[in-house]
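Enquirer: Structure incoming, see below.
The values are calculated or read from the model by the stated rules, or taken from the named source; none is laboratory data. The model shown is predicted, which means the values in this text are computed figures rather than measured ones. We place every Cβ from the backbone using ideal geometry, glycine too, and count neighbours over all the protein chains shown. With ligands, DNA and RNA removed, areas are computed over all heavy atoms of the protein, side chains included. Shrake-Rupley method; radii C 1.70, N 1.55, O 1.52, S 1.80 Å.
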Amino acid sequence: MTGASSGIGEATVRALAADGWKVFAVARRADRLAELEKETGAVALPADISEDDDVSRLVSQVTEAGGIDTLVNIAGGARGADTIGSASTGDWEWMYRVNVLGTMKLIKAFLPMLRANGEGTILNLTSTAGLAAYEGGGGYNAAKFAQRALTEALRLEEAEHNVRVIEVAPGLVQTEEFALNRLGDRQAADKVYQGVEKPLTAGDVADVVRYAVSAPHHVNLDQIVIRPVAQASNYKLIRKA
């Protein structure tokens, strides 16, 4: 599983490990993975999924440890909230590299193993930002629309190999880092959730991921959209004083 060092990824590692799964926890921050390994028994594999050498090393390590039947791609993120007219090329490149190319590289690398298993599963965590665009979200929208398209194409291509392809698209999730990493300022990050009663938590999304990959293999939850009740759509979010 990628993106395992914080937020939804970390919560999903904990959820699956608690259910008895052998989890390979992948992220860049080795110190956080080491702590997670101690607490959950997950196998810490520090790596940058956008780097080809790291991906090749991951495949070798996982193969030596017995392989996998399920690949969970959670690594991703947003940077900036600029309009397209004032867009940062660097932010857009980072979002595409992590959300789209990183996902593609992991899938391509592990697909032979998942096909050979006979009942492989791939789950991609996308976002409701990939369902509807919004002002100031152009870069993240573009990356998540692309990741969703990748997921849909993959499902069509791999059905004949009995590889199950699942998409989980969360809406507003309050985590310690997502909004802060995107906006770069704690006060601005806090305003994202201000007045929203019970935004989703990382644990909420992890529970959905756990259920989706644990269902009988012939049951394919193609696309799961999960939002807090207060968020009726990308354009309607109830805030209370």
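Enquirer: Going Cα to Cα from residue 105, which lysines come in below 20 Å? Please leave out same-chain ones fewer than 8 positions away.
Expert: 144
Enquirer: Placing unit charges on C-beta atoms (Lys and Arg positive, Asp and Glu negative, everything else neutral), compute the dipole magnitude of the chain about its Cα centre in debye, rounded to 20.
Expert: That gives the chain a dipole magnitude of about 580 debye.
Enquirer: Moving to a separate point now. Subtract the Cα-Cα distance of residue 52 and residue 207 from 0.36 nm times their separation in residues, and report this length gain in nm to one decimal.
Expert: 52.7 nm
Enquirer: Taking 25 Å as R0, compute the FRET efficiency from the Cβ-Cβ separation of residue 221 and residue 198 and round it to 0.05.
Expert: Efficiency at R0 = 25 Å is approximately 0.60.
Enquirer: About the Cα centre of region 4-51, what is the dipole size in debye to 20, counting +1 per Lys and Arg Cβ and -1 per Asp and Glu Cβ, all else neutral?
Expert: Charge dipole of region 4-51: 60 debye, to the nearest 20.
Enquirer: Let me ask you something else. In percent, what relative contact order does the chain have, based on Cα pairs under 8 Å that are 6 or more apart in sequence?
Expert: Over the chain, the number comes to 20 percent.
Enquirer: About the Cα centre, and with charges only on the beta carbon of Lys, Arg (+1) and Asp, Glu (-1), how big is the dipole of region 67-168? Nearest 20 debye, please.
Expert: For this selection, approximately 160 debye.
Enquirer: With a sphere of radius 12 Å drawn around the Cβ of residue 36, what net charge do the other residues whose Cβ falls strictly inside it have (Lys, Arg +1; Asp, Glu -1)?
Expert: With Lys, Arg at +1 and Asp, Glu at -1, the neighbours total -1.
Enquirer: Tell me the label only: which of (i) 7, 28, 33, 22, 9, 1, 0; (ii) 8, 32, 38, 18, 4, 0; (iii) 7, 28, 29, 21, 12, 3, 0 is P(r) over Cα pairs in 10 Å bins from 0, in percent as calculated from this structure?
Expert: Computed from these coordinates, P(r) over Cα pairs in 10 Å bins from 0, in percent corresponds to label (ii).
Enquirer: Only loop residues by DSSP count here, and only those with at most 12 other Cβ atoms within 10 Å; note down the trypsin sites (Lys or Arg not before Pro) in region 144-240 that meet that.
Expert: Of the trypsin sites (Lys or Arg not before Pro), the ones in loops of region 144-240 whose Cβ has at most 12 other Cβ atoms within 10 Å are 239, 240.
Enquirer: Along the charge dipole of region 1-47, which of 13, 40, 30 sits closest to the positive end, that is, farthest toward it, with unit charges on the beta carbon of Lys, Arg, Asp and Glu (+1, +1, -1, -1)?
Expert: Checked the options; the winner is 30.
Enquirer: Rounded to the nearest whole Å², what accessible area per residue is found for region 1-80 with the 1.4 Å probe?
Expert: Solvent-accessible surface per residue comes out at 44 Å².
Enquirer: Oh, and also: Taking the Cα centre of the chain as the origin and placing charges on Cβ (Lys, Arg +1; Asp, Glu -1), which of 122, 149, 87 is farthest toward the positive end of the dipole?
Expert: Value: 87.
Enquirer: Below 8 Å, C-alpha to C-alpha, sequence gap of six or more: please give me the relative contact order for region 173-241 in percent.
Expert: Result for region 173-241 is 36 percent.
Enquirer: May I ask you to compute the full-extension gain from residue 64 to residue 214, defined as 0.36 nm times their residue separation minus their alpha-carbon distance, rounded to one decimal in nm?
Expert: Length difference between fully extended and current span is 51.6 nm.
Enquirer: Taking all protein chains in place and a 1.4 Å probe, what share, in percent, of the accessible surface of region 105-241 do carbon and sulfur account for?
Expert: The value for region 105-241 is 53 percent carbon and sulfur by accessible area.
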